[in-house]
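Asker: Quick one: the structure is below, and I'll ask about it shortly.
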There are 4 protein chains.
Amino acid sequence: MLHFDNDYMRGAHPDILRRLSETNYEQSPGYGMDDYCAKARDLILRECGMDGCGEVYFMTGGTQTNATVIDALLARHEGVLAASTSHVNVHEAGAIEASGHKVIVLDSPDGKMHAGAVARYLRDFYADDTFEHMVAPGMVYISHPTELGTLYTLDELNDLARVCGDAGIPLYLDGARLGYGLAASGTDVTLEDIARLCDVFYIGGTKVGALFGEAVVVRQRGLLPHFFSIIKQHGALLAKGRLLGLQFSTLFTDRLYMRISEHAVRMAIKLKQGFLAKGYSMYIDSPTNQQFFILPNSEIDRLGGVATFSLWGPRGDYETPVRFVTDWSTQESDVDALLDYLSSRL
Amino acid sequence: MLHFDNDYMRGAHPDILRRLSETNYEQSPGYGMDDYCAKARDLILRECGMDGCGEVYFMTGGTQTNATVIDALLARHEGVLAASTSHVNVHEAGAIEASGHKVIVLDSPDGKMHAGAVARYLRDFYADDTFEHMVAPGMVYISHPTELGTLYTLDELNDLARVCGDAGIPLYLDGARLGYGLAASGTDVTLEDIARLCDVFYIGGTKVGALFGEAVVVRQRGLLPHFFSIIKQHGALLAKGRLLGLQFSTLFTDRLYMRISEHAVRMAIKLKQGFLAKGYSMYIDSPTNQQFFILPNSEIDRLGGVATFSLWGPRGDYETPVRFVTDWSTQESDVDALLDYLSSRL
Amino acid sequence: MLHFDNDYMRGAHPDILRRLSETNYEQSPGYGMDDYCAKARDLILRECGMDGCGEVYFMTGGTQTNATVIDALLARHEGVLAASTSHVNVHEAGAIEASGHKVIVLDSPDGKMHAGAVARYLRDFYADDTFEHMVAPGMVYISHPTELGTLYTLDELNDLARVCGDAGIPLYLDGARLGYGLAASGTDVTLEDIARLCDVFYIGGTKVGALFGEAVVVRQRGLLPHFFSIIKQHGALLAKGRLLGLQFSTLFTDRLYMRISEHAVRMAIKLKQGFLAKGYSMYIDSPTNQQFFILPNSEIDRLGGVATFSLWGPRGDYETPVRFVTDWSTQESDVDALLDYLSSRL
Amino acid sequence: MLHFDNDYMRGAHPDILRRLSETNYEQSPGYGMDDYCAKARDLILRECGMDGCGEVYFMTGGTQTNATVIDALLARHEGVLAASTSHVNVHEAGAIEASGHKVIVLDSPDGKMHAGAVARYLRDFYADDTFEHMVAPGMVYISHPTELGTLYTLDELNDLARVCGDAGIPLYLDGARLGYGLAASGTDVTLEDIARLCDVFYIGGTKVGALFGEAVVVRQRGLLPHFFSIIKQHGALLAKGRLLGLQFSTLFTDRLYMRISEHAVRMAIKLKQGFLAKGYSMYIDSPTNQQFFILPNSEIDRLGGVATFSLWGPRGDYETPVRFVTDWSTQESDVDALLDYLSSRL
């Protein structure tokens, strides 16, 4: 079977497992107070161009990270502005609301929050006489890449950061698949840009070669007071915090995080070109490790015999959108085999 | 000044104040355990055609009632399906989310939840492989009249109740202005219909002639276990519960609740006919005590000198929607005076 | 029947009902934006010695007020320090926890929070290496009179305010029965003292002659940012806010609040002296409108035939503590009748 | 340095790391739907004597597990009964309250919940007229071993289960260090007993040789409806759920979980005997992997130069309680070295 259904189906990049084995008998303090976490923080901040400023915290998964960060950023009466398709709105089983905050939704066909739409929402909100009876927009949530595999341009990020800055509300970026966005061909957004423009963001490990783990970067020290206790309160504090520090220090040594991402993107683009060459059309044009095509149902059934991938929405009468995903472990020979097997539509 | 800006700007129908005075020195147990509450419960259940079954609880305001009932009806992982324009989505400052529940929004141009749209949402939800990662639709919230002054037909209510029943989720009706819906000309929905078709609903007092107070009717005993404690937990338990019982027993004696509503609707329809006769058009066609017109800004400014009313949305370049509201205290002479003052557009 | 079971069993002082009737047809804006609320705020702040500073908000009941204020004062990771017998710990059905905050309990035989115990708790808390894994003490809750009818001295309040100030956490006073504390014979604590020493407190109306209502006084403007929205979110915003403003402006005109309180305390002290004269002993020595005695069960049964009062704890084998309460409506003749009927134990 | 400060300072038992490496390239579905989780569930249920019934869920840490299970077990108006020293009351940063539930505390000098005290609490609660104004005791939380290293006897557990059963409330056991309790010399409580007597409990992995992970065992299928979604909502659903399944299937193969526990307990008892032999006294008598002594401050300072361990409370004037902990990785030679270095007090 050729596996393209997700980027968290295998274990971890072998370097990470090796480091876990090498250090297994070392004894470290818990809860992120160890040397590996310290080293990972340094490496990450350096890569972000934030030497000597900012903060880094580690958690184990994306929903947990989103719920904890958003809860820490918002006041009681505030909600988070997010795209209708966003993970926080759709796929977190109400984790944001469970800590008392509304997800205020803006429609977005491409999964992005556009500066103009946010500015308009903020203007209309405060123009409404009854705004104090409504949930105040207290921050903006974006993901990069988005849930649809699309990317912000640097201009778009700049505009969004300016709108947030003018309104005095933080901009938070969910980077569950951040590496694939940074490694995408054609992107003009760097990690340093993100670190400069977002008040808080996280660098996803779970989907980018780690066993598990997300690294939350806070631009300004003190922005999240008592965040350690809030992490604990959310059940998000790993006892053996060292496991997270070790993984991220490995990922940020010798560009491993980017090398993993670049490999996956290369495999994804090869896949895309193969599908296009055989006459299929894209459902969404994504430059990242997620590729979306429209396939005839008959071809879906054929491919299903040799490969795993996801339907992206309900099965249509004749054709259906599908998603193929690559990661650190995707073999080029598997991509070739899949493309060989794919019928030509021409 | 001629007042048409809301239906909760004056005190209470004089019968209610009189009863408060007459009984002021009586001593009753607190928290709704008194004889007036018992009597009001009986009167309401009889009017609902629910003699000998069901339950009635009293609270002081609409947002409080919605938040408490919805919290009691939903399980942890569930949210409430509601129209995008609904009070729970827009104007409760996040009270629903504050108790941990998502408002799952369906777009609705007329403020109503249509059975077809709800059925489609439910079908698509459970057809999605990842539905367990999403907030389960645990109940349907409607308002009657809606926030836009529109009304359900009996067919629409029947269909909605059937869809909810098939899905095994309760249907809850917010009746903040219920009287005006029941008294509307052309409606085929009675209080008995509502009591038969909704699992829970409330009869609004605050906006229909009481000083304050809402009466929650539960069709089936035991549907809301420990609801007394949940009311208390929401800070919604009035110490002198008698005040609520007395008001509702007065409102449900000699048809006072309906007489108040009929008067307000008659005044509203007179207003509507006057506006139409002078050549203005409706913004929304409402048969209730709320009337919505589109007025030229110049006329808005003229009228503003003699009458109070609300802009319904941001002021346009040339014209703007406005809302006029009547209630128990609206004088026919005030309606006449307003219409006399209104310029003719013909 | 002679009624001594509580101070919220009758309606309201007649002056309040009269004012409600007189102003019934006036039309005012909702949600506390009206002139009566403005006037009540001025009167209260003047009485507090806070002319020109501070803020006043109105809510309808005690639990609601406590839950809303505490939620507004605390950060996510903080809890409220309170006596084990306090209303927030025992009798609010978990309203504090429902908004996410722990009630951190200190044992207290007399219902008071003593400065020494609070200081010790704070010192031990921050001396503990693991304090960031624990709920931070974010404020102190006291009631005056306490749930046991006891009162703070000015020295005690001063000490408590100093400990809170040193720790940088607010001191909040629940004044559900504040009038009776201020009117108690022997107290050296004035309303001005409370306004000076507490960051937030409320003046109870429900139990002191109003139909319902509590007035929250905030010493420093801006201490509770966006409190209006938080009140709304808690379902604690009365549509006809005028009802609260009118009641409190009446209570704070011509010393009505204090006259009501003084009368009730005088009746209570007469009751106490009568019980003592007949040889009964106090269960708790209270100088307020609540009086606690120990009565033989046989006498409890006798009295129960002519008067209402509460058992204060489980019925003992031979004798049981009981509570008698007076209020604005207590007739001196009823006190006399009760004392006449009481058996002598001498 | 000789390390005795905790049981989560090193990585994992080497068998677990080895299995992670061996299976790293296998591709499995996420969220616990994989074969390793299925296998671990079978192994655990078999060990519990629950073949063919019950349910098992995996989470990553103790606080997370407690907060999620308790939230799932309780209704809105309920709280959890727990010892004053319990982890949920003291060391979870308010995670229980953050999901809206009160921790109802019973004082307990030995860290245990005694059946008599629970029965008394329940009886007094429902005997109180005002119980509907109070948080209902909805479940009982115990830990085994307790936070003080003490153990329940089978009689005690039986009694507690009977009291809970009579009251119709679930009994939940936090087994963060369960293995050490089962392996303790002198205990008469087996895993099967726990599985039979507790409605829900968890088998701790983090502190018993796993990298991380806790296995929640539910006696009766369906007791926790929609628990998957509730886990997700708590941010407690690991994407690569396989990591948990693999660890627990390894721990429950060839008695590894018990062998780890037995080794740690043997080391702990050797330590205890050494301390006693040199004339020191126990602070608490624990038969588990945690040992508590009272040491003179001078000896604490001496030992601190060669070994790590924890002060157990504030440093006293002359002597202070201390805790030494063993685990899977404790070398007997380290125990010997520590005892050699320890001064004799005789």
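Asker: So which residues in the stretch C:15-36 are more than 7 Å from chain B (Cβ to nearest Cβ), open to solvent by less than 50 Å² (accessible area, probe 1.4 Å) and part of a helix (DSSP H, G or I), if there are any at all?
Answerer: C:Asp15, C:Ile16, C:Tyr36
Asker: Can you tell me which condition C:Arg123 does not meet? The list is (1) in contact with a Leu (Cβ under 9 Å, 6 or more places away or on another chain); (2) within 12 Å of chain D (Cβ to nearest Cβ), and all the others hold.
Answerer: Exception for C:Arg123: condition (1).
Asker: Considering the stretch A:82-97 alone, what residues qualify as being within 14 Å of chain D (Cβ to nearest Cβ), at negative phi and in a loop (DSSP other than H, G, I, E, B)?
Answerer: Result: A:His91, A:Glu92.
Asker: Also, quick follow-up: Do you know which of the residues in the stretch A:195-210 that are of a type in the set (A, V, I, L, M) and touching a Leu at 6+ places or on another chain (Cβ under 6 Å) is farthest from the other protein chains (Cβ to nearest Cβ)?
Answerer: Taking the candidates together, the pick is A:Leu197.
Asker: Kindly establish whether A:Ala239 is at the interface with another protein chain (Cβ under 9 Å from one of its Cβ atoms) and not in a helix (DSSP H, G or I).
Answerer: Numbers: at the interface with another protein chain (Cβ under 9 Å from one of its Cβ atoms): yes; not in a helix (DSSP H, G or I): yes.
So A:Ala239 passes the test.
Asker: Given the structure, is C:Ile104 closer than 22 Å to C:Leu224 by Cα and within 14 Å of chain B (Cβ to nearest Cβ)?
Answerer: no
Asker: For A:Val335, are the conditions met, namely being of a type outside the set (Lys, Arg), at pLDDT 95 or above and within 18 Å of A:Gly149 (Cα to Cα)?
Answerer: The answer is no for A:Val335.
Asker: Given B:Asp110, B:Asp155, B:Asp42, B:Asp129, which one is within 22 Å of D:Ser229 (Cβ to Cβ) and either over 20 Å from the mean Cα position of the chain (by Cα) or away from chain C (no Cβ under 14 Å) (or both)? Steps first, answer last, please.
Answerer: Values: B:Asp110 fails: within 22 Å of D:Ser229 (Cβ to Cβ); B:Asp155 fails: within 22 Å of D:Ser229 (Cβ to Cβ); B:Asp42 fails: within 22 Å of D:Ser229 (Cβ to Cβ).
Within the list B:Asp110, B:Asp155, B:Asp42, B:Asp129, the selection yields B:Asp129.
Asker: Let me ask something additional. If only one of B:Asp334, B:Asp340, B:Asp317, B:Asp301 is of a type in the set (Asp, Glu) and either within 14 Å of another protein chain (Cβ to nearest Cβ) or under 30 Å from B:Glu26 (Cβ atoms) (or both), which one is it?
Answerer: Criteria check complete, one pass: B:Asp334.
Asker: For a quick check of your reading of the model, give me the residue pairs whose first member lies in the stretch D:28-53 and is closer than 16 Å to B:Glu132 by Cβ, whose second is in a loop (DSSP other than H, G, I, E, B) and of a type in the set (D, E, K, R), with beta-carbon atoms closer than 7 Å and at least 6 apart or on different chains.
Answerer: D:Gly30/D:Lys240
Asker: Can you tell me which residues in the stretch C:122-152 are assigned to a loop (DSSP other than H, G, I, E, B), charged (D, E, K, R) and open to solvent by 40 Å² or more (accessible area, probe 1.4 Å)?
Answerer: C:Asp128, C:Asp129, listed by residue number.
Asker: If you go through the stretch C:53-64, how many residues are more than 11 Å from chain B (Cβ to nearest Cβ) and either surrounded by 24 or more Cβ atoms within 10 Å (Cβ to Cβ) or among the small types (Gly, Ala, Ser) (or both)? Working first, answer last.
Answerer: The first filter runs over the stretch C:53-64 and keeps only residues more than 11 Å from chain B (Cβ to nearest Cβ), leaving C:53-58.
If we keep only those that are either surrounded by 24 or more Cβ atoms within 10 Å (Cβ to Cβ) or among the small types (Gly, Ala, Ser) (or both) too, we end up with C:54, C:57-58.
Total meeting the criteria: 3.
Asker: Suppose we filter C:Met258, C:Met267 for residues that are open to solvent by less than 10 Å² (accessible area, probe 1.4 Å) and assigned to a helix (DSSP H, G or I); which single one remains?
Answerer: C:Met267
Asker: Moving to a separate point now. Kindly list, by first and then second residue, each pair from a residue in the stretch C:4-16 that is over 16 Å from C:Val335 (Cβ atoms) to a residue that is part of a helix (DSSP H, G or I) and open to solvent by 10 Å² or more (accessible area, probe 1.4 Å), limited to pairs with Cβ atoms under 6 Å and residues at least 6 apart or on different chains.
Answerer: Within 6 Å, the pairs are C:Asp15/C:Thr250; C:Ile16/C:Thr250.
Asker: Looking for whichever is among the small types (Gly, Ala, Ser), open to solvent by 20 Å² or more (accessible area, probe 1.4 Å), modelled with pLDDT of 95 or more and in a helix (DSSP H, G or I) here; the options are D:Ala119, D:Ala67. Which one fits?
Answerer: D:Ala119
Asker: Check C:Gly111, C:Gly100 and return the single one that is crowded, with 24+ Cβ neighbours inside 10 Å and either on the phi > 0 side of the Ramachandran plot or in a loop (DSSP other than H, G, I, E, B) (or both).
Answerer: Unique residue meeting the criteria: C:Gly100.
Asker: Could you check the stretch C:153-167 and list, in sequence order, the residues that are open to solvent by 10 Å² or more (accessible area, probe 1.4 Å) and not β-branched (Val, Ile, Thr)? Before you say what the answer is, go through the steps one by one.
Answerer: Our first condition is that a residue be open to solvent by 10 Å² or more (accessible area, probe 1.4 Å); within the stretch C:153-167, this holds for C:153-156, C:158-159, C:161-163, C:165-167.
C:Leu154, C:Asp155, C:Glu156, C:Asn158, C:Asp159, C:Ala161, C:Arg162, C:Gly165, C:Asp166, C:Ala167, listed by residue number.
Asker: In the stretch D:282-304, which residue that is polar (S, T, N, Q) and farther than 27 Å from D:Gly179 by Cβ is surrounded by the most Cβ atoms within 10 Å (Cβ to Cβ)?
Answerer: That would be D:Asn297.
Asker: Same structure again: Is there any pair with a first residue in the stretch A:333-346 that is of a type in the set (A, V, I, L, M) and a second that is part of a loop (DSSP other than H, G, I, E, B) whose Cβ atoms are under 6 Å apart and which are 6 or more apart or on different chains, and what are they?
Answerer: A:Leu342/A:Lys278; A:Leu346/A:Gly279
Asker: For C:Gly79, state whether it is assigned to a helix (DSSP H, G or I) and open to solvent by less than 30 Å² (accessible area, probe 1.4 Å). Don't jump to the end; show me each part of the working.
Answerer: Working: assigned to a helix (DSSP H, G or I): no; open to solvent by less than 30 Å² (accessible area, probe 1.4 Å): yes.
Answer is no for this residue.
Asker: Among the residues of the stretch C:309-331, what is the count of those that are outside any loop (DSSP other than H, G, I, E, B) and modelled with pLDDT of 95 or more?
Answerer: Residues that pass the stated criteria total 7.
The values are calculated or read from the model by the stated rules, or taken from the named source; none is laboratory data. The model shown is predicted, which means the values in this text are computed figures rather than measured ones. Every residue, glycine among them, receives a Cβ derived from its backbone with ideal geometry; neighbour counts consider all protein chains shown. These area figures cover heavy atoms from the full protein model, side chains too; ligands, DNA and RNA do not enter into them. Shrake-Rupley method; radii C 1.70, N 1.55, O 1.52, S 1.80 Å.
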